[in-house]
Each structure stands twice: as C-alpha cells, then as structure tokens.
Amino acid sequence: MADSIISNGFSKKINTSMKQGNGVCQDGSSSPIKAQTIDELHSLQKKRSTPSTPSGSVSSAFSVITEEDRQRQQLQSISASLASLTRETGPKVVKGDPARKETSTKVAHVVHHQLGPNISISDSSMKFTHVLYNLSPGELYEQAIRYEKGSFLTSTGALATLSGAKTGRSPRDKRVVKDENTEKELWWGKGSPNIEMDEHTFMINRERAVDYLNSLDKVFVNDQFLNWDPENKIRVRIVSARAYHSLFMHNMCIRPTEEELENFGTPDFTIYNSGQFPCNRFTHYMTSSTSIDVSLARKEMVILGTQYAGEMKKGLFSLMHYLMPKRQILSLHSGCNMGKDGDVALFFGLSGTGKTTLSTDHNRFLIGDDEHCWGNNGVSNIEGGCYAKCIDLSREKEPDIWNAIKFGTVLENVVFDEHTREVDFTDKSVTENTRAAYPIEYIPNALIPCVGPHPKNIILLACDAFGVLPPVSKLTLAQTMYHFISGYTALVAGTEDGIKEPQATFSACFGAAFIMLHPTKYAAMLAEKMKTHGATGWLVNTGWSGGRYGYGSRIKLSYTRKIIDAIHSGELLNADYHKTKIFGLEIPNAIEGIPSEILDPTNTWSDKDAYDETLLKLASLFKNNFETFTSYRIGEDNSLTEEILAAGPIF
Ligand SMILES: Nc1ncnc2c1ncn2[C@@H]1O[C@H](COP(=O)(O)OP(=O)(O)OP(=O)(O)O)[C@@H](O)[C@H]1O
Ligand SMILES: O=C([O-])CC(=O)C(=O)O
Ligand SMILES: [Ca+2]
Ligand SMILES: [Mn+2]
C-alpha cells in the first residue's frame, strides 16, 4: 500500500509521510517533491497538452470522427505529401522526435500502405519518417540549438541562426512550370521574374527534394494560413528539414488555432524545402546548384540549394500574386497601417526603402509590414508576422522593432558577443542583410485580425541614392501609376577599387521579383481602386539629400516620420505646392517640424550644375526603363495609358 504510485505519478507514500511530520530531518524549508526517483520527477515536469476536441466515445455523438481517426487522417495526409511519385507510396510517418524513446516506441499511427504485387519494397519505403508537426517555439528552439550549428540564444531571448551560404534570395534561380495554361496566363520573357521550366524537370527536382526529406530521421511540417481575409484564406503546408525554417514560417504565416488545425484538411499549396541539398547541375534548365521551382498545376514549390528562409516567404507571395488577381483582388508588395480614425495607408517600396520601418508606427495600428491584398471590402495582410532589416537597428529610432526581438523571434545572420550574447546590430561580418522575423503580435499596436478599410493614402517609397528626388511630393493618379510601374529605388553597390556609385533599380509594381502576371494588370487594378476610393498617391524619398551618395547624406528617419505624419493627418493634402522641372513633381512649401529648405533638392545641393546633371541622368534612366511598357494598354481605354506616359520625366 505504502509504495503504490497512482497513475498521474504522485507518490502516496511521500504525501502521507509529509503530513504526519514524522520527525525525520528534512533538508531545507521548501516542501519536499512528490516523486521518489529522478525519472518520476522528470515525468512530473511535462503536462501533456490535451487536444481541444475531446477524443474517443464521449464526444462521438457530436463529432463525426474520433480523435484517433483524425490523427490517422492527418498522418496519411502528411505521408501523401511526402510520397515519392515513382514508388507511388508515401513513407511511413510517425509523429515525434526520433531522439525521444517515448515517442518513437509509440508507432501506432503508422500509415498503412497498399503495396501492389508489382511494387518492390525499397529500403527507403521501409524506414520511418518522423514528423515534427506544428511544433511550438520552445520545442523548435530546442531542436535548433541541439541539432543545427549556428543556433544560439541571444541575450533578449531571440534565436540567432545562420542561413548558410545564401544570405538573400536567388531570383535568377526561380523557375515556374510553363504549360498550356501558364503559357497564356503568366508574364514571360524580358523583365519577367518567371524563368521557365517544363513539368518533367519540375518532377525530377520534386523527387530529388522528397527523397532527400525522406532520407532524414525527421522532418518538420507546418500547416498554416495565408491572408487574414476569411473568404480568401489559403491553407499552406511547409515541409522542411530545419527547425530554423519551421520557426521562421511559424512566425511569418498565420498561425492556426487548435480548432482550425483539427479541421485543416488538404492544403491548397505545399512547399518542399530541401535547401541543404543542391539540385543536380546535369538536370535540364539548371544553371547553378540552386533552384526554386513552382508548379501552379500541382500547387507545389520545391527548394533545392538555398537555406535562405525568405525564399519560402516570397515564394508564397508569388503564389498570391497569381491566385488573388484571378479573384479580382489586388496583391501588393506593401506595408499597411491605420490611424485611430480608420484612415489606412499603404507603403510601397523595394527592399530596404522603409516599408517595415515606417508602417511600424507607435501612433498607428499595424496591419502588416510587407504583403497585402486589396479587395472589395478593403485591405488584408497576407502574413502573420514581420520581417525587419536589422542592420544598424537602434532602440531609440525603432523602439517597437527593437522590443520585438525577444523569445520566439528568429534573428538571421547577426553577430553577437560570445559570452554576453548581446547582438551587435552594426556588424556586417556575415551579411548586410541581417533580419528579424517575429509574429505580428510582438508589435504592441498590431491590429488583429489584420484587416482594414479601403486605403486613403498610397505612399511610394524610393531610397534615391542619387539624391535628386524631393523628400516628399504629391502625385496625380497618372504619376502614381507611372512610378508604380517604374518601381524605382537606387542603392549603393561597392566596386573593387572602392568607388561607390549609386545603382538605379527599376522593379515593376515595386516587386517585379514576385509578380506573376504582366505589371500592367496590377497597375490597372490599382488605378481602378484608387479612383473608386479616392486615394491620394505620394512619392517619398527615404534616401539621399543634399547631394548623391558620398556627398549628401541619408535623410533623417525622424524627418521622414514627420513627413509621413503630415500625410496621415491630412496636413499635406491642403498644403501649398510648387512644381519641379523634368519630373513635374509637386513639392510642399512647408511641413510642420521640418526645416523648409530641405523639401526642395535645388536648395540642398551646393553644386547646382552637379544637381542638374544628376537629375537629367536619373530622368534618362527612368525613360529607358519605361520603354518596354509603352506598347501596353492600361485600363478600359487608351486614355489612362497616354496620361501615364505623359506623367514621366519630360526633357
Ligand atoms: N529616412 C529613412 N526612412 C526609412 N528608413 C530609413 C531611413 N533612414 C534609414 N533607414 C533605414 O532603412 C531601412 C529600411 O528597411 P525596411 O526594413 O523598412 O525595408 P523594407 O522596405 O521593409 O524592405 P523588405 O521588403 O526587404 O523587407 C531600415 O534599416 C531603416 O532603419
Ligand atoms: O524577401 C526577402 O528576402 C526580404 C524582402 O522582404 C524583400 O526582399 O522584399
Ligand atoms: Ca520588411
Ligand atoms: Mn519585402
């Protein structure tokens, strides 16, 4: 009797002896533990999480399937995702970490295969693939720290990771299957991000990725959602080999509730991330050891040869750029926030121009920092998280982003102190593209669910390293379209001998790398929506002022924030303006809190000839870039097209 241990692990013996106070000397004043052995103690530590749907016969009157059936269906669905198409059978999948004896012995949920008489059994079809399904951040931290080199806890609790040889996306290795449908539907050829491949080659790469995943002891599977608009939610499954990838997507996609997960069903789209494993250079179409392949017909994406997690995020964004316009919904590479009065602003811009920095605004509600949809009911965020640049991040200038770097956040490619684990955000030793991926609710004034009414202001951000664009200008609808289609920014690329010249980048719709249809399709939708809802367009230069890179300096973030405040408040809508030469931009004469002279670049450049020369140079770059679009029609008739052409630089 005395040593009977009841099933939940509590020892009666210890409990009774404690109550009786039998005079035995006990060390310390705290109450003794309810276990007799170390193993018992450890078993007390972890409470099993209960499924929110009661299992077994109790609920059978209401639920159609039992918990056990549901679990089996879920594993079958995962096995089907991982099926080798040549062997026509899915791997044996089992839930749990293979390193844990308790889980690996419970192999009751093995998927049953119907092996036909002609299908030979191979070694790989005999082994188990352990599935780590929708793990929590805590579980993923442990997996990363134990098994992935370069994973460390930083001083604020964020997980530092290394993305490997690739620290940015590989747009020249992004391929899309061209078949009879996509040949007609998608944008192909010059300027298009869609590099073609045939279906057979896709299958070769898919098989390579799936075989790689099945050769592992364990894979991570995330079932999550895209798009906060409930009517246009997309279910995605991400199969990956690294805890880093699983945690990144946990943060970046919308996290399902327990109930939503139970009813998840078959995903609308699946990513196979075998990024540690290269593609085969002898395979047709391959030009490097990296390939990121999309098949819209199969609703699948395969990643080989790059571990950069942004490929998954932006691969899904490309998918949305295909699916949403089919439903008359515009997909946008933009940040989005909302004021207390419900005024919504969109922030377009290429990488590094300020979408995340400026949409994260302590005085406004954050709807999202990077990817949105604009439909008939308003805007919705596609994602469940934010992806901020971290280089030179400071607590003073960007407090909300700084504070979001805590437990659960993935910190990519940052450098930290070996001992204190404090991150040095100025260190570019690994890359300049250091990043933090965190759930959107880590920003205190995030609006959940992430949806809002129709936008009032459309802010086009350009980081102009030539320093000739004004800090802010008000645009006509035609000018907004011209600059939207141009998608200009200029960054600084270092050359071997140390001379640093600004490099103009034009990327249609401020995200040519992600669009799937011709840019004019998105532009026409934007024009129509801006007209219908009376939105105003603005061009904001978050780049250089007072001279080009090397002479002037980047405009202070605090000034840009004041400019943005004046747009939101309506102050700028009714301000006095004057027009610039060549670009014909309307510059406000004054803005509260900003020295007026900085608003017009003709004041800030000390060398006026250099200014004129640089302005002309940029204008001709715009003109050359726009040439490819002059033959396309935008909107119902030709009038908007002509207006847009006339809204470019004139010289
Ligand atoms: N005046 C300014 N306005 C905006 N950002 C500025 C300014 N000056 C410096 N910055 C810096 O520029 C960077 C803007 O990066 P941000 O993360 O907002 O880019 P993004 O547009 O979201 O790009 P991506 O699509 O790649 O995520 C930040 O590091 C920010 O601190
Ligand atoms: O995709 C990435 O790596 C980062 C990003 O948001 C962009 O480039 O627009
Ligand atoms: Ca961003
Ligand atoms: Mn982006």
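Observations, loosely collected:
- Coupling constants for the stretch 602-611 follow from the phi torsions by the Karplus curve (6.51 cos²θ - 1.76 cosθ + 1.60, θ = phi - 60°), and in residue order they are 5, 7, 8, 7, 6, 9, 5, 5, 4, 4 Hz; glycine and proline get x.
- Cα-based Rg / Dmax (Å) for the stretch 199-251: 13.8, 38
- For residue 129, neighbours were defined as the other residues whose beta-carbon sits under 12 Å from its Cβ, and their charges (Lys and Arg +1, Asp and Glu -1) total +2.
- Cα-based shape type of the stretch 266-312, given that a ≥ b ≥ c are square roots of the gyration tensor eigenvalues and the cut on a/c is 1.5: oblate
- For the stretch 454-646, share of DSSP beta bridges that run antiparallel, in % to the nearest 5: 70
- In order along the stretch 325-335, the phi-based Karplus estimate (6.51 cos²θ - 1.76 cosθ + 1.60, θ = phi - 60°) of 3J(HN,Hα) comes to x, 4, 9, 6, 10, 8, 9, 9, 7, 8, x Hz; Gly and Pro are listed as x.
- The H on the amide N of residue 218, modeled in the peptide plane, is under 5 Å from the matching H of 130, each at least 5 residues off or on a different chain.
- Charge dipole of the stretch 313-403 about the Cα centre (unit charges at C-beta), most positive-ward option of 401, 315, 384: 315
- When each of 174/521; 233/389; 406/428; 46/95; 174/299; 184/299 is checked by Cα-Cα distance, pairs over 23 Å: 233/389
- From most to least packed by mean Cβ count within 10 Å, the peptides 501-514, 592-605, 154-167 give 501-514, 154-167, 592-605.
- Distance-filtered residues of the stretch 373-407 - backbone nitrogen under 16 Å, label point 7 angstrom along residue 554 Cα→Cβ: 388-399, 401-402
- As a fraction of the 1.4 Å probe accessible area of the stretch 256-384, surface on carbon and sulfur atoms comes out at 47 percent.
- Around residue 545: net Lys/Arg minus Asp/Glu count, Cβ-Cβ under 11 Å: 0
- Amide H contacts for residue 536 (H built 1.01 Å from N in the peptide plane; partners 5 or more residues away or on another chain; cut-off under 5 Å): 457, 458.
- C-alpha center-to-center spacing [the stretch 142-169, the stretch 172-217] in angstrom: 29
- The magnitude of the dipole of the chain, with charges of +1 and -1 set on the Cβ of Lys/Arg and Asp/Glu and taken from the Cα centre, is near 1240 debye.
- Residue 425 long-range amide H proximity, modeled H, under 5 Å: none
- Taking θ as phi - 60° and the Karplus parameters 6.51, -1.76 and 1.60, the scalar couplings of the stretch 410-427 work out to 8, 10, 8, 6, 8, 10, 9, 6, 3, 9, 6, 6, 7, 7, 9, 6, 8, 7 Hz in sequence order, x denoting glycine and proline.
- Equivalent ellipsoid semi-axes - Cα gyration tensor, the chain, angstrom: 49, 31, 23
- Using a probe radius of 1.4 angstrom, the carbon and sulfur fraction of the accessible surface of the stretch 454-646 is 50%.
- Computed over protein heavy atoms with a 1.4 Å probe, the accessible surface of the chain works out to 46 Å² per residue.
- Net charge contributed by nearby residues that have their C-beta within less than 11 Å of residue 405 (K/R +1, D/E -1): +1
- Cα shape, the stretch 454-646, gyration tensor, a/c 1.5 rule: oblate
The values are calculated or read from the model by the stated rules, or taken from the named source; none is laboratory data. Keep in mind it's a predicted model, so treat the numbers as computed, not measured. Cβ sites come from the backbone with ideal geometry, for glycine too, and all protein chains shown count toward neighbours. SASA here: full protein model, heavy atoms, side chains in, ligands and nucleic acids out. Shrake-Rupley method; radii C 1.70, N 1.55, O 1.52, S 1.80 Å.
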